[in-house]
Every structure is written in structure tokens, then in C-alpha cells.
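The values are calculated or read from the model by the stated rules, or taken from the named source; none is laboratory data. Note that the coordinates shown come from a computational prediction; the quantities given were computed from them, not determined experimentally. Cβ sites come from the backbone with ideal geometry, for glycine too, and all protein chains shown count toward neighbours.
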Amino acid sequence: MWGRAQLLVLMTLLHAQGDEAQEDNELRVGRSIDIFTRYGYLSLSVKVVPKNESTWLFREPTIDIFEGLNQYAVPSKRQSKKRLVFDGNFHMEFCDNSNQLLQAYFRDFQFQGLDKPWKAFTGSWTPETIARNLGINSSFITSDSYCFVLVRLSRYREGVKLTRVPNNINLADVVAREIDNMQVGDVGSVVTFIKKYGSHFINSFVTGNSIYQVFVYNKNYYQQIKDRLKTRGISHVNKRDLLQYFGPVYAEHLGTIKVASGNKTVERWVEEHLRMHYYIFSFQSLLKVHGDLALLSILNNLLLNEAVVELEMKTLAPAFKDPEKRAWFEEVLGNFIKLWEVNL
């Protein structure tokens with residue numbers, strides 16, 4: 001693996017190169033991005049957590065480097081032609097620590113070559129930022145004494161994926177010329193290529209919206225609930241027990257239900273309709289929608305196409321027809337990724 005000094009040189013090269021390609025903030029399969037430009041800060045350009053603005057969905061610069069890929073783009077299998085009460089997914093994930101919590105939140109965001117793809121979004125997040133984005137207090141993030149359960153309801157609106165990228169796919173002329181000029185063994189030529197034309201391309205995406213909630217537990221109660229639900233499954237646990245498990249009886253802290261897009265209308269609806277009562281307690285709970293067809297039907301209409309809920313990026317290796325140049329690109333990119341994940 002390369003050293004930290006080499007990483008600093010590469011970072012300098014990345015920021016020193018001039019842009020020659022036409023860029024656009026378009027979320028479309030086949031378009032490429034340089035993930036290093038905003039590594040750790042991608043939540044600023046990809047709507048994945050609530051922001052004050054609610055109009056943009058994706059504003060990361062992308063470049064069209066392949067030609068004729070549209071014929072290989074198909075609707076994602078997530079979409080269904082059937083009329084459903086709720087077209088999406090209800091998901092629960094147990095997280096032993098705050099690192100696993102971030103990993104769970106970005107479970108459906110994959111970047112080829114990255115061992116920890118969630119860091120591309122969260123590398124710059126402070127404990128206060130993590131807490132704010134996930135709707136809990138920062139004291140639970142900084143302590144090792146707590147475990148978490150992430151509950152999320154995702155509504156799918158649009159989804160597209162590439163079935164394949166053929167080996168003989170044509171490239172934009174300027175991209176082909178840049179690759180022709182690349183020299184095997186010259187790290188700078190790979191860095192120049194990445195700066196101009198990107199490191200990865202969008203292989204698939206799903207947009208829509210989601211609401212989510214984080215429940216915080218001490219380790220003993222967390223393990224009890226985890227074992228119980230793993231043994232029986234949530235569908236076989238009665239509502240009274242669910243109220244206890246995901247309420248103030250067991251939970252150390254009940255996070256605020258958040259809306260991924262930050263849509264204020266949905267936030268107000270959630271505050272009014274997703275509140276539960278248990279003896280003297282009144283609290284928000286996303287578990288209220290579980291099995292409630294009426295609430296799910298309303299949310300199916302309320303959750304609009306306002307956030308990115310899934311994203312898969314693959315490296316630009318298919319752009320290199322020469323096996324030696326492809327191998328060199330993959331080697332430099334792989335080392336660069338490892339350095340970025342370790343040091344930033």
C-alpha cells in the first residue's frame with residue numbers, strides 16, 4: 001500500500017488539474033463521477049439525509065463518457081406494475097455500535113472498491129452531525145455503552161439499472177484520446193484521467209423518499225430484543241410486546257422520526273399520526289405503520305420523489321480496452337481508495 005505522503009501528492013494533483021469535460025448534475029446510469037472530489041462530503045450533493053432545501057435531489061457533477069449505453073438501461077426490479085398498498089420496503093436492522101448504525105443507514109449505497117462506502121458520505125460528520133441526521137442525542141454516539149436499532153420505511157418512485165456494459169462499448173472521443181495517451185507506470189496520468197472524467201460510473205439507482213427512526217438501548221435489553229426477534233421474527237411478536245420493546249419500557253432513548261428529504265409536510269403528518277400511547281407515555285414510533293394498511297396507503301402517496309434511497313457505483317475499468325492499461329488504472333485507483341479510507 002502507498003504511504004501517506006503519496007496520498008498528499010495525489011490529492012494535490014487532483015485539485016491542480018483543469019476540467020476539460022462537459023459536466024452536468026444529472027443522475028443517470030452510465031454517467032461518471034469523481035468520488036474523491038467530495039469524499040466524506042457526498043451528503044452535500046446527494047440527498048440522503050434531511051436538508052433545509054427540499055428542491056434538489058442530486059447535484060454531484062457527472063460526465064457522459066460512454067456512448068450508446070441507453071439500450072442497456074432498464075427499470076429497476078424494485079419497481080412493480082402491480083397496484084400495491086405501499087410500493088417500497090419496511091426494514092429493521094440491529095446495530096451493536098454507532099459505526100454499524102452508519103453502515104446500516106447506507107446499506108443500499110455501494111461503491112465498487114470501497115470497503116466502507118458509507119464513509120464517502122459520513123467521513124466529515126462530527127458526532128453532533130451524526131446525531132442530528134439520525135434524530136438522536138450526540139451523547140449516545142460518543143459512548144460505547146449503547147446499541148441501536150434502525151427502523152426505516154422506504155418508498156420507491158423511480159429506479160434504473162444497467163444490465164451490462166459491453167467490452168466493445170464506444171467512448172466519447174475526448175475520453176478515448178485521454179486513455180490512448182495514458183502511460184502504464186505513470187501514476188499522474190491516472191490521476192489526471194480521474195480528475196477529468198471520474199473514477200466511477202452510476203450502475204443503478206432508486207429514488208423516492210423514506211422515513212426512519214433510531215431506537216437506543218443499553219446492551220442487556222438490546223441483546224434480549226435482538227435474540228427474541230431473530231428467533232420469532234417481527235411478524236410473530238404481538239403488538240403489546242412490540243410496544244414494550246420499542247417504547248420507553250426497554251429503550252433508553254426514542255429517536256425522532258426523520259424524513260430523508262426533509263419534507264416539512266411529511267414531518268408534520270408524522271408528528272400527528274405516528275404517535276403511540278403506552279400507559280402514561282406518549283411517543284413517536286415508526287412501528288405504528290407495521291401492518292397498518294391505512295397508514296401505509298397514506299404514506300404511499302405522501303412520500304414523493306425527493307431523495308436518493310439506493311445507489312450503486314462501479315469503477316471506470318470497462319472504459320479501458322487495453323488489458324495492461326485497465327490493470328494499471330485498477331491498481332492506482334485501488335491504492336488511492338485504500339489510502340483515502342484509512343487516512344481521511
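This table checks each residue for (1) hydrophobic (A, V, I, L, M, F, W, C); (2) modelled with pLDDT of 95 or more.
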site: 82; (1), (2): no, no
site: 100; (1), (2): no, yes
site: 104; (1), (2): yes, yes
site: 127; (1), (2): no, yes
site: 133; (1), (2): no, yes
site: 136; (1), (2): yes, yes
site: 146; (1), (2): no, yes
site: 161; (1), (2): no, yes
site: 175; (1), (2): yes, yes
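Given 299, 316, 303, 254, which one is surrounded by 19 or more Cβ atoms within 10 Å (Cβ to Cβ), in contact (Cβ under 8 Å) with a residue 12 or more places away in the chain, touching a Ser or Thr at 6+ places or on another chain (Cβ under 9 Å) and closer than 21 Å to residue 208 by Cα?
Values: 299 fails: touching a Ser or Thr at 6+ places or on another chain (Cβ under 9 Å); 316 fails: closer than 21 Å to residue 208 by Cα; 254 fails: closer than 21 Å to residue 208 by Cα.
None of the other options fit; the residue is 303.
Quick check: anything in the stretch 160-176 buried (at least 23 other Cβ atoms within 10 Å of the Cβ), touching a Ser or Thr at 6+ places or on another chain (Cβ under 8 Å) and of a type in the set (Lys, Arg)? So that I can check it myself, show each step before the final result.
Taking the stretch 160-176 as the starting set, the residues that turn out to be buried (at least 23 other Cβ atoms within 10 Å of the Cβ) are 175.
Filter once more, so that each one left must be touching a Ser or Thr at 6+ places or on another chain (Cβ under 8 Å): none.
Within the stretch 160-176, not a single residue is buried (at least 23 other Cβ atoms within 10 Å of the Cβ), touching a Ser or Thr at 6+ places or on another chain (Cβ under 8 Å) and of a type in the set (Lys, Arg).
Please identify the pairs in which a residue from the stretch 133-151 that is at positive phi has its Cβ atom under 6 Å from the Cβ atom of a residue that is outside any helix (DSSP H, G or I) and surrounded by fewer than 22 Cβ atoms within 10 Å (Cβ to Cβ), counting only partners at least 6 apart or on another chain.
135/256
Kindly indicate the residue of the stretch 116-144 that is in a helix (DSSP H, G or I) and among the aliphatic types (A, V, I, L, M) and also farthest from residue 204 (Cα to Cα) among those meeting that condition. Steps first, please.
Initial filter on the stretch 116-144 (in a helix (DSSP H, G or I)): 119-122, 127-134, 138-142.
Now narrow it down to the ones that are among the aliphatic types (A, V, I, L, M): 120, 130-131, 134, 141.
Working: 120: 17, 130: 26, 131: 29, 134: 25, 141: 32 Å.
That would be 141.
Just to verify a result, which residue in the stretch 30-49, among those that are among the polar types (S, T, N, Q) and not in a strand (DSSP E or B), is farthest from the chain's Cα centre (by Cα)?
As a first pass, look at the stretch 30-49 and keep what is among the polar types (S, T, N, Q): 32, 37, 43, 45.
Adding the requirement that they be not in a strand (DSSP E or B) leaves 37, 43, 45.
Values: 37: 17, 43: 9, 45: 12 Å.
Ranking the candidates gives 37 first.
Could you tell me which residue of the stretch 96-115 is surrounded by the fewest Cβ atoms within 10 Å (Cβ to Cβ), considering only residues that are under 11 Å from the mean Cα position of the chain (by Cα) and among the charged types (D, E, K, R)?
Filtering the stretch 96-115 for residues under 11 Å from the mean Cα position of the chain (by Cα) gives 102-111.
The next check asks that each one be among the charged types (D, E, K, R); those that pass are 107-108.
On the way: 107: 15, 108: 18.
Among them, the one singled out is 107.
Which is surrounded by 15 or more Cβ atoms within 10 Å (Cβ to Cβ) and under 21 Å from the mean Cα position of the chain (by Cα), of 338, 288?
On the way: 288 fails: under 21 Å from the mean Cα position of the chain (by Cα).
Result: 338 is the single residue among 338, 288 that is surrounded by 15 or more Cβ atoms within 10 Å (Cβ to Cβ) and under 21 Å from the mean Cα position of the chain (by Cα).
To keep it simple, each residue is scored yes or no on (1) among the aromatic types (Phe, Trp, Tyr); (2) in contact with a Gly (Cβ under 8 Å, 6 or more places away or on another chain); (3) closer than 19 Å to residue 260 by Cα; (4) in a helix (DSSP H, G or I).
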position: 91; (1), (2), (3), (4): no, no, yes, no
position: 101; (1), (2), (3), (4): no, no, yes, yes
position: 114; (1), (2), (3), (4): no, no, no, no
position: 148; (1), (2), (3), (4): yes, no, yes, no
position: 152; (1), (2), (3), (4): no, no, yes, no
position: 180; (1), (2), (3), (4): no, no, no, yes
position: 183; (1), (2), (3), (4): no, no, no, no
position: 190; (1), (2), (3), (4): no, no, no, yes
position: 193; (1), (2), (3), (4): yes, no, no, yes
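Does the stretch 282-294 contain any residue that is of a type outside the set (Asp, Glu), farther than 20 Å from residue 270 by Cα and at pLDDT below 95?
Within the stretch 282-294, the subset of a type outside the set (Asp, Glu) is 282-291, 293-294.
Still in the list and also farther than 20 Å from residue 270 by Cα: none.
Looking for residues that are of a type outside the set (Asp, Glu), farther than 20 Å from residue 270 by Cα and at pLDDT below 95, one finds none in the stretch 282-294, hence no.
Given the condition modelled with pLDDT of 95 or more, among the acidic types (Asp, Glu) and farther than 30 Å from residue 24 by Cβ, answer yes or no: does some residue in the stretch 230-251 qualify?
No: the stretch 230-251 contains no residue that is modelled with pLDDT of 95 or more, among the acidic types (Asp, Glu) and farther than 30 Å from residue 24 by Cβ.
State the number of residues belonging to the stretch 132-146 that are touching a Gly at 6+ places or on another chain (Cβ under 9 Å) and within 22 Å of residue 307 (Cα to Cα).
3
For residue 242, are the conditions met, namely being of a type in the set (A, V, I, L, M), touching a residue at least 60 places away in the same chain (Cβ under 8 Å) and either touching a helix residue (DSSP H, G or I) at 6+ places or on another chain (Cβ under 6 Å) or part of a helix (DSSP H, G or I) (or both)?
On the way: of a type in the set (A, V, I, L, M): yes; touching a residue at least 60 places away in the same chain (Cβ under 8 Å): no; either touching a helix residue (DSSP H, G or I) at 6+ places or on another chain (Cβ under 6 Å) or part of a helix (DSSP H, G or I) (or both): yes.
So residue 242 fails the test.
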